[in-house]
1. Given Ala94, Ala102, Ala89, Ala111, which one is away from the ligand (no atom under 16 Å from the Cβ), within 23 Å of Asn38 (Cβ to Cβ) and not in a helix (DSSP H, G or I)?
2. Condition first: under 21 Å from Ile120 (Cα atoms) and of a type in the set (Ser, Thr, Tyr). Now tell me which residues in region 13-51 satisfy that.
3. Every residue in region 32-56 that is more than 15 Å from the chain's Cα centre (by Cα) and not in a helix (DSSP H, G or I), please.
4. If a residue has to be within 15 Å of the ligand (Cβ to nearest atom), under 18 Å from Leu7 (Cβ atoms) and touching a helix residue (DSSP H, G or I) at 6+ places or on another chain (Cβ under 6 Å) to count, how many in region 60-80 make the cut?
5. Mind checking whether some residue in region 54-63 is touching a strand residue (DSSP E or B) at 6+ places or on another chain (Cβ under 6 Å) and among the polar types (S, T, N, Q)?
6. On the basis of being of a type in the set (Lys, Arg), at negative phi and away from the ligand (no atom under 16 Å from the Cβ), does Arg119 make the cut?
7. Consider Phe39 carefully, then state whether it is of a type in the set (Phe, Trp, Tyr), within 15 Å of Ile113 (Cα to Cα) and away from the ligand (no atom under 16 Å from the Cβ).
8. Conditions first: (1) touching a strand residue (DSSP E or B) at 6+ places or on another chain (Cβ under 8 Å); (2) surrounded by 14 or more Cβ atoms within 10 Å (Cβ to Cβ); (3) under 30 Å from Asp145 (Cβ atoms). Ala16 passes all but one, so which condition is the exception?
Amino acid sequence: MNAPNTLLNQSFAIAADHGGFGLKQHLLDYLKSKNISNFIDLGTDSDKSVHFPDYAGKMVETIKSGKAQWGILICGTGLGMSIAANRHAGIYAALCHDTTTARLARQHNNANILAMGGRILGPTVAEDIVETFLHTAFLGDRYQDRIGMIDPGC
Ligand code: RB5
């Protein structure tokens with residue numbers, strides 16, 4: 001099969017809880033500096049304590065409704081966000097700590113959500129992870145077959 005394109009020109013959403021708020025704001029500035037503006041910011045809008053499943057839910061709804069094709073979710077560790085998002089069929093949230101996990105999340109897993117830990121990653125590492133996730137295409141073929149086994153019918 002032909003490998004689908006990268007995520008570069010596809011609209012996306014970004015959301016965080018209070019543990020990911022600082023990194024989210026950093027990435028918003030970074031994306032704007034790169035003239036990337038085809039995204040929706042789903043919040044949160046401050047470092048006041050909120051519940052990460054609410055924001056994972058907003059992200060899933062945004063992707064499932066077609067308002068965005070993929071997303072970035074950030075909490076303190078990235079764990080809660082990825083666990084919550086992955087409860088939904090058709091959602092493949094990959095918790096990435098470096099450019100290798102980001103590259104393989106796209107090449108092998110066709111991940112449609114990049115999850116990161118705002119209390120784990122430095123800002124420059126997070127920028128590199130986002131760039132890698134954006135620019136790496138899914139390899140398809142046997143990897144598609146395996147994804148089909150996770151979510152038959154999706
Ligand atoms: C919030 O304190 C923290 O638990 C949350 O951001 C996240 O790391 C959960 O997995």
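The values are calculated or read from the model by the stated rules, or taken from the named source; none is laboratory data. Because the structure is predicted, anything quoted here is derived from the model rather than measured. Backbone-built Cβ (ideal geometry, glycine too); neighbour counts: all protein chains shown.
1. Ala111
2. Tyr30, Thr44, Ser46, Ser49
3. Lys34, Asn35, Ile36, Ser37, Thr44, Asp45, Ser46, Asp47, Lys48, Ser49, Val50, His51 - these are the residues of region 32-56 that are more than 15 Å from the chain's Cα centre (by Cα) and not in a helix (DSSP H, G or I).
4. Qualifying residue count for the region: 2.
5. Yes, region 54-63 has at least one match.
6. The answer is no for Arg119.
7. So Phe39 passes the test.
8. Only one criterion is unmet by Ala16, namely (3).
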